[in-house]
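Have a look at the structure below before the remarks.
A short reminder: the numbers here are calculations on the coordinates, not readings from a lab. Remember, predicted model here, so these are calculated numbers, not experimental data. Reconstructed Cβ throughout: ideal geometry from the backbone, glycine too, with neighbour counts over all protein chains shown.
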Amino acid sequence: VSAAALDSLAELGTYMESAEKEFNHKTDYTKIYSEVRSAYLKKAFTMLAQSAGPGDMKAGTVYQKGSSSFIGFTEGLIRMLKAERKILARVILHSDLDPILDDTVSPVMDMYAATGDTIVRNAQRNSQNSVFMLFDILDTLESSSAALNKCLQGTSKLARVAELQKAARASVITFFPEFLEGVRNAGLRPTPLSEDGTVHEFTTETLNSLKRLLEYDERVEQMLTTLGIGNWNLQTKTRTKNAAETGIVGSYVLDVIDTLMASLESLSRSYGKPTLAAIFLMNNYRYIVQSIDQSFRKWVGDTAPQKYHQLVKKQQDLYQDSWKPVIGILMDVTYIKGGEVKKSLSSSEKAQIKEKFRVRAALLWRSVAGNANASIHWLLELQRGIRHDLSQSAWIQYSGYRSPPGSHPTDWTGAHSHVLTLC
């Protein structure tokens, strides 16, 4: 409002107040002021209210910390409330301005509260983008609490803002056990798995959500402390003993990771092939370990990740065990009795040798075929380790031969060449 307009309104207000006293006639001009002014304010804030809700995010977009329009809505609301109090003090000569302010800002405050309620309801429906938006909104409400209390003192809307803050806080606290329970339930639902055993989308989504959650580390610690150690786990309080070592945030992170690994183990059973299940778990576990080292070490410390490294090694060993039938035949050594080497073989002896090579080739190609779709190439370190272990146990056994034992396309030399490129 310009200074000239304020002067005119102040002059009009003085005249109306004097006229009431002079003619002893109540005009209730403050109602007229509130109706006109509130309609203007409502129109000014409508677009901001619409953009501040969760509906302005396009499908598939990821909410960025601090990007909620509700933050700007709150800041604009506080500026408006401060300005309205100054305007009323200038143009209205009543001693009690709170009821007039209440009527004037009521439509805007109703829009503000309704927008906040919508975001809270979306968060309660487990919309993760809305949950992270809710973290920002709760921070905004609490940091703006003193200013809002001062601006709305004496109005009916002060209690409404307090209710919104309480609902947002309750929804944030509820998120922690519900998120963990969602990770657990994912392992119980039939879920399509890739044919090559690569890192599952469920793993990346869970860890990304956990990373985003820890962007609000101070708020997370505050909410978990309110919830109580271990109370976020609806099944069992498994991490209370680690809280002293890792802190309450680290305790929650470890609980989520343990639950994620348990769900992945349940999902791996749907493969029906132990080798592919081992590759699936090896890939996913290694991705989790890598995420711990890169993103969660600050909260879980240096000791806890050792357990997860051991789980990766266990799955790697299980995968390499799938080659034991082949390795077992390669380790078969035939001794020459009496020190005499035959320069000619009978038909039956030749047939025995051919049969041995046929069995070797069949076993080797069976192992190759069983792992043909497997993918462990996403991590070079793991690839090199498995390649080294296989080559040490297999290639050394073949190196004693000067030439291939046969030219059949499925002989063991061709198969072994494929083994070394498989990983």
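Couple of notes before you dig in:
- If you wrap the range 187-317 in the convex hull of its Cα atoms and look at it from every side, the mean projected area works out to 7.9 nm².
- Mean projected area (nm²) of the alpha-carbon convex hull when the range 159-228 is viewed from all directions: 6.4 nm²
- Signed unit charges on C-beta, dipole axis of the range 187-317, positive-most listed residue T206, M223, L281: L281
- Pairs from the table (K31/K157; K31/K82; K42/K86; K43/K82; K42/K166; K211/K313) lying more than 22 angstrom apart at Cα are K42/K166; K211/K313.
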